[in-house]
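Trainee: Once you've had a glance at the structure underneath, I'll fire off some questions.
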Amino acid sequence: MRPSELITALNYWIPTGRNIWVSGPPGVGKTSVIEAVIDGLDLDMAMLPPAVTLDPVDVRGIPHVTQTNGSAITAWAVPEFWPTDPNWKGVIVLDEFGKAAPAVQAAFLQICYAPPGRPRQLGSYTVPEGASFVIMSNRQEDRAGEHRVITPMLSRFVHLDFEVSLEDWQKWAIGNGIDSRIRSFLNFKPAMLFTFDPKANQRSFASPRTWELANDAVDAPESVRQASLAGCIGDGPAAEFAGFMEIADRLPKASEILDDPENATVPSEPSISYALVGALAEEARKAEGRDKVLKGIGIFAGRMKPEFGVLLIRDTAEIDPRIITIPETREFLKTNRHLLAD
């Protein structure tokens, strides 16, 4: 499911107290989505060390000998990452579980589930009643070092699959300061959002995570910019994006277009139109003259090809929803209502 659907599913399942397993390819933002949902639910979160770094003794605790009624018994020192307050209410999050050795997976069996009326317990540790688990992993077909998960573990979770969505990523990117040239390029070349190929020996590849890294590379010194971009997203995507940036950097200033939106030249080339959409939407962030900017965007959107006009309104609405109230915008959207459902 796409990120917006996963968020809906997590908001439903987490309050039920059921354990959840989120699977997806590397670099798509599973952890960020899960943390944001837990924070929005106002629950505590205990982030365990990645499962791939754990040994069974790390889960159960280090054994030590104590004296009880004159007899020596073995007890376990509870690891500090476990929540120990019996009244604790929240989510225990564990990443990279598919890379954990079978012995580590087995150590979690009793921790994650117990029959009704019995505590979830291992060694000296008892899971608080108000705690549930969210586990993350890649898929075996991603060739990311995942082991086969023992079957009893699988049946203890609700399984949710994470998929990449350009539309959802664009909404996130607009709200998180991703360069408008990156956003425009990915509207132009959607396949470049995620280029991971499990069959290839890729050192770097394009993904939601690595495009966020590339955002820091767009302003690198010119002598190292291309190499920096390639180091984030791979050679192929970096080369195509660099060519797109050259187009974007030669565009007329967005502010000049919005000063005279009725007469400004409307581009016919798709690549130029995509680049211009991003630049124009960014103008809506400016505090000074915002009403004039929104009106100009509404007018210019109506002069573009409908698919680009709708994209411009959508991107602008993520920055300032008032664009929808502009008379010119409302008339344009009324005429092109059929494109809004795409």
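The values are calculated or read from the model by the stated rules, or taken from the named source; none is laboratory data. This is a predicted model, so every value here is computed, not measured. Glycine also receives a Cβ, built like all others from the backbone with ideal geometry; neighbour counts cover every protein chain displayed. These area figures cover heavy atoms from the full protein model, side chains too; ligands, DNA and RNA do not enter into them. Shrake-Rupley method; radii C 1.70, N 1.55, O 1.52, S 1.80 Å.
Trainee: Answer yes if at least one residue in the range 46-60 is farther than 23 Å from S155 by Cβ, β-branched (V, I, T) and out of contact with any His (no Cβ under 9 Å at 6 or more places or on another chain), and no otherwise.
Mentor: So far as the range 46-60 goes, yes, one or more of its residues are farther than 23 Å from S155 by Cβ, β-branched (V, I, T) and out of contact with any His (no Cβ under 9 Å at 6 or more places or on another chain).
Trainee: Return the residues of the range 115-166 that are more than 24 Å from T53 (Cα to Cα), open to solvent by 20 Å² or more (accessible area, probe 1.4 Å) and not in a strand (DSSP E or B); say none if nothing qualifies.
Mentor: The answer is P115, P116, G117, R118, P119, E129, E163, V164, L166.
Trainee: Give all pairs with beta carbons closer than 8 Å in which a residue from the range 277-295 that is closer than 10 Å to L258 by Cβ meets a residue that is assigned to a loop (DSSP other than H, G, I, E, B) and open to solvent by 90 Å² or more (accessible area, probe 1.4 Å); count only pairs at least 6 apart in sequence or on separate chains.
Mentor: V293/K286
Trainee: Test S271 against the criterion of being surrounded by fewer than 13 Cβ atoms within 10 Å (Cβ to Cβ) and part of a helix (DSSP H, G or I), and give yes or no.
Mentor: no
Trainee: Mind checking which residues of the range 25-52 are open to solvent by 60 Å² or more (accessible area, probe 1.4 Å), without any contact (Cβ under 8 Å) to a residue 40 or more places away in the chain and in a helix (DSSP H, G or I)? Let's see the steps before the verdict.
Mentor: Step one: filter the range 25-52 for residues open to solvent by 60 Å² or more (accessible area, probe 1.4 Å), giving 32, 35-36, 39-40, 42, 44-45, 47, 52.
In the following step, the residues that additionally are without any contact (Cβ under 8 Å) to a residue 40 or more places away in the chain were identified as 32, 36, 39-40, 42.
S32, A36, D39, G40 - these are the residues of the range 25-52 that are open to solvent by 60 Å² or more (accessible area, probe 1.4 Å), without any contact (Cβ under 8 Å) to a residue 40 or more places away in the chain and in a helix (DSSP H, G or I).
Trainee: Restricting to the range 205-223, name every residue that is within 15 Å of G29 (Cα to Cα) and not in a helix (DSSP H, G or I).
Mentor: Residues satisfying the conditions are F205, A206, S207.
Trainee: Among the residues of the range 53-68, which ones are open to solvent by 60 Å² or more (accessible area, probe 1.4 Å) and touching a helix residue (DSSP H, G or I) at 6+ places or on another chain (Cβ under 8 Å)?
Mentor: Listed by number, the residues that qualify are D55, R60, P63.
Trainee: Let me ask something else. In the range 72-102, what residues are open to solvent by 60 Å² or more (accessible area, probe 1.4 Å), out of contact with any Asp or Glu (no Cβ under 7 Å at 6 or more places or on another chain) and farther than 27 Å from G27 by Cβ?
Mentor: Of all residues in the range 72-102, those open to solvent by 60 Å² or more (accessible area, probe 1.4 Å) come to 72-74, 76, 80, 84-87, 89, 102.
Now narrow it down to the ones that are out of contact with any Asp or Glu (no Cβ under 7 Å at 6 or more places or on another chain): 72-74, 76, 80, 84-87, 102.
Within the range 72-102, A72, I73, T74, W76, E80, T84, D85, P86, N87 qualify.
Trainee: I'm checking my understanding of the structure. Among residues of the range 167-180 that are of a type outside the set (F, W, Y) and surrounded by 14 or more Cβ atoms within 10 Å (Cβ to Cβ), which one is farthest from M136 (Cα to Cα)?
Mentor: Going through the range 167-180, the residues of a type outside the set (F, W, Y) turn out to be 167-168, 170-171, 173-180.
If we keep only those that are surrounded by 14 or more Cβ atoms within 10 Å (Cβ to Cβ) too, we end up with 168, 170-171, 173-174, 178-180.
Values: D168: 20, Q170: 23, K171: 23, A173: 23, I174: 26, I178: 26, D179: 29, S180: 31 Å.
Ranking the candidates gives S180 first.
Trainee: Here's a check for you: in the range 32-64, which residue that is aliphatic (A, V, I, L, M) and at pLDDT below 90 is farthest from the chain's Cα centre (by Cα)? Walk me through it before giving the result.
Mentor: Taking the range 32-64 first, the residues aliphatic (A, V, I, L, M) are 33-34, 36-38, 41, 43, 45-48, 51-52, 54, 57, 59, 62.
Then keep just the ones that are at pLDDT below 90; that gives 51-52, 54, 57, 59, 62.
Working: A51: 20, V52: 21, L54: 25, V57: 32, V59: 28, I62: 36 Å.
That would be I62.
Trainee: Also, I was wondering about something else. All but one of (1) β-branched (V, I, T); (2) modelled with pLDDT of 90 or more; (3) farther than 21 Å from T265 by Cα hold for T335; state the number of the condition that does not hold.
Mentor: Looking at each condition in turn, T335 falls short on (2).
Trainee: Which pairs turn up if I take residues in the range 1-24 that are within 16 Å of I135 (Cα to Cα) and look for partners that are of a type in the set (S, T, Y) and assigned to a helix (DSSP H, G or I) with beta carbon separation below 8 Å, at least 6 apart in sequence or on another chain?
Mentor: From residues that are within 16 Å of I135 (Cα to Cα), there are no pairs.
Trainee: Kindly indicate whether any position in the range 321-341 is among the small types (G, A, S) and either open to solvent by less than 10 Å² (accessible area, probe 1.4 Å) or part of a helix (DSSP H, G or I) (or both).
Mentor: No.
Trainee: Go through Q202, Q226, Q170 for me and flag whichever is out of contact with any strand residue (DSSP E or B) (no Cβ under 7 Å at 6 or more places or on another chain), part of a loop (DSSP other than H, G, I, E, B), farther than 30 Å from A114 by Cβ and among the polar types (S, T, N, Q).
Mentor: Working: Q226 fails: part of a loop (DSSP other than H, G, I, E, B); Q170 fails: part of a loop (DSSP other than H, G, I, E, B).
So the residue among Q202, Q226, Q170 that is out of contact with any strand residue (DSSP E or B) (no Cβ under 7 Å at 6 or more places or on another chain), part of a loop (DSSP other than H, G, I, E, B), farther than 30 Å from A114 by Cβ and among the polar types (S, T, N, Q) is Q202.
Trainee: Any idea how many residues of the range 220-238 are free of Cβ contacts under 8 Å to residues at least 12 places away in the same chain, open to solvent by 30 Å² or more (accessible area, probe 1.4 Å) and not hydroxyl-bearing (S, T, Y)?
Mentor: Qualifying residue count, the range 220-238: 5.
Trainee: Can you name the residue in the range 283-304 that is out of contact with any Asp or Glu (no Cβ under 9 Å at 6 or more places or on another chain) and within 16 Å of D315 (Cβ to Cβ) and, of all such residues, is most open to solvent (accessible area, probe 1.4 Å)?
Mentor: Per the criteria, the residue is K286.
Trainee: From the residues in the range 65-89 that are hydrophobic (A, V, I, L, M, F, W, C) and at pLDDT below 90, which one is farthest from the chain's Cα centre (by Cα)? Walk me through it before giving the result.
Mentor: Filtering the range 65-89 down to residues hydrophobic (A, V, I, L, M, F, W, C) leaves 65, 72-73, 75-78, 81-82, 88.
Next cut, at pLDDT below 90 only: 65, 72-73, 75-78.
Numbers: V65: 46, A72: 51, I73: 47, A75: 41, W76: 38, A77: 36, V78: 33 Å.
Result: A72.
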